[in-house]
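The values are calculated or read from the model by the stated rules, or taken from the named source; none is laboratory data. Computed from a predicted model, the values in this text were never measured in an experiment. Because the Cβ atoms are built from the backbone with ideal geometry, glycine has one as well, and the counts that use them run over all protein chains shown.
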Amino acid sequence: MQAFATGSMALNRAEAAELATRAASGDTTAFEALYSANVGRIYALCLRMTSNVAEAEELTQEAFIRAWQKLDTFRGTANFSTWMHRVAANVVLSRRRKYARERERTVHQEDLSYHASVGDRTNRSATVDLDEAIAKLPERAREVFVLYDIEGYQHQEIADLMGIAPGTCKAQLHRARQLLQEALNHDA
Amino acid sequence: MTHDELNDEIKNRLDELPREIQPERNLWSDIETAIADSKIMRPDFKSERVTPPAGKATVIERAAVNWQRVGVIAAAAMLLVAFSSGITAYLVRVPAVPADGIVEPQRTEFETVAWEGFLAAERSYQSVTDELLAELDAQREELLPETVEIVEENLRLIDDAITRAREALELDPANTRLVNKLTGMYRTKVEFLEGMSRL
C-alpha cells in the first residue's frame, strides 16, 4: 500500500512509533495525538467506503477503539498510519459484511447527508463531482475502487481483506471505472 | 481496462482528490470514553498466591475471606444499576421534538421528573459504592501493593469516565445516549467490584 502525505498534524515515523509505545502502555494523551494525526485519512476512507456520514463517523470511532485494543500488536516495523489504515479497512469491511443484508434493502437510496458533507468542502469542483460519482457506485465496486485507486492497495491485499478472489477484485474495479467514466461523461 | 489504462480524466481527478476529510463533529470524546473503559484490568490474584507456613493463611487467602462481604454489597449495587436502567428506559420514552420544532410544555416537566429520578438512583448507588469502597479500604493493608495499585487505577479510570459523562448529562439531561453511557459506566464499576469479590 502506498503512503500518502498527511496534513498539518503529520508525524514522522519515529514520533508516531514513540506515541504508539506510550499509548500501548495506557497513555491516552499519546493516543489522542495519534488520533489527531490520522483522523482525516481514516474518516475519508470510511466516508468513501460507506457514502454515509453517520456510518462513517461511527466506523471511524470504532476503528480507533479497535486500534487502541490492538496497540500491543503494532511492532513499529510499519508506519503507524499504514497500520491504522489497515485496522480501519478491516473494521469497515467486517461491519459491512455483517450488515450486508440490511443494506441491500436500502442500497438505492441516496444519502443526502453525504453529498451535503462533500459539498461543504471549500474546494468544490471536479473532485466533488468525482466523490459524488464514487458514492453512487454499487457497494462492492465502490469499496474496491476506493481501496485500489484512492488508497493504493494491491488486488491481492483487497482480495484478502474482502474475502474474495483477486479476479473478482479486478472485475469490480473494471466495473467501477466504467461506471465512473459514464457518470462523469453524462455530467459533462 | 487496466490500472495503466485508467481514463485520464478520472486519473487527473483522482490526483486532486483530498486524501483527508475532517469529520464535522468531534469524534474523540466518545473514543476517549470507550478506551477508558477498555483500560480496566483484572488483577491476577491467583498468580500471587504462595504456600503459607503451616497453620497460617496467606495475605491473599485472608483477603478472600474478608472480601465475601464485598459480594453482598456488590449484589445490592447491581439492584441499583437495574433501577438506573429503568430510568434509562423511562428517558428513552421521552417524546421526540415535533417536526415543526415546537416543544410541548409537558416535555420539560417530564425531563425534570426523569432527571430527579436519575439523581435519586445515583444517590443510592453512591451510598452503596461508598460503603463498598470503605470495605476495600479496610482491607488495604492486607493486600499486596501491586493489587492495591491495580484496583485503584481501575477505579480512577472508571470514576474519571463517570465524571465526564455526568457533567455532559447535566447539561443535556434528556440525552438518552449519555444516560446509557453513564449507566454502562456504573455497571462497569459494579462488575469490576463484583469481579473482585469472586477472586
Practice task
Go through region A:152-182 and give me each residue that's crowded, with 22+ Cβ neighbours inside 10 Å and within 18 Å of A:Ser51 (Cα to Cα).
Solution key: A:Gln172, A:Leu173, A:Ala176, A:Arg177, A:Leu180
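Just one of A:Val91, A:Val107, A:Val87, A:Val118 is at pLDDT below 90 and either within 13 Å of chain B (Cβ to nearest Cβ) or farther than 30 Å from B:Glu9 by Cβ (or both); which is it? Please lay out each step first, then the result.
Working: A:Val91 fails: at pLDDT below 90; A:Val107 fails: either within 13 Å of chain B (Cβ to nearest Cβ) or farther than 30 Å from B:Glu9 by Cβ (or both); A:Val87 fails: at pLDDT below 90.
Exactly one of A:Val91, A:Val107, A:Val87, A:Val118 is at pLDDT below 90 and either within 13 Å of chain B (Cβ to nearest Cβ) or farther than 30 Å from B:Glu9 by Cβ (or both), namely A:Val118.
Yes/no matrix, rows are residues, columns are (1) outside the structural domain of A:Val92 (by TED's automatic domain parsing); (2) touching a helix residue (DSSP H, G or I) at 6+ places or on another chain (Cβ under 6 Å); (3) free of Cβ contacts under 8 Å to residues at least 12 places away in the same chain:
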residue: A:Ala141; (1), (2), (3): yes, yes, no
residue: A:Phe145; (1), (2), (3): yes, yes, no
residue: A:Tyr148; (1), (2), (3): yes, yes, no
residue: A:His155; (1), (2), (3): yes, yes, no
residue: A:Ala159; (1), (2), (3): yes, yes, yes
residue: A:Gly163; (1), (2), (3): yes, no, no
residue: A:Ala176; (1), (2), (3): yes, yes, no
residue: A:Leu179; (1), (2), (3): yes, no, no
Handout entry: Criterion violated by A:Phe64 - all others in (1) crowded, with 24+ Cβ neighbours inside 10 Å; (2) in contact (Cβ under 8 Å) with a residue 40 or more places away in the chain; (3) farther than 24 Å from A:Ala176 by Cα satisfied
Key = (2)
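Count, please, the residues in region A:145-172 that happen to be over 21 Å from B:Glu16 (Cβ atoms) and either modelled with pLDDT under 90 or in a helix (DSSP H, G or I) (or both).
From region A:145-172, those over 21 Å from B:Glu16 (Cβ atoms) are A:154-172; that's our starting set.
Pick out the ones that are also either modelled with pLDDT under 90 or in a helix (DSSP H, G or I) (or both) and you get A:155-164, A:166-172.
Within region A:145-172, residues that are over 21 Å from B:Glu16 (Cβ atoms) and either modelled with pLDDT under 90 or in a helix (DSSP H, G or I) (or both) number 17.
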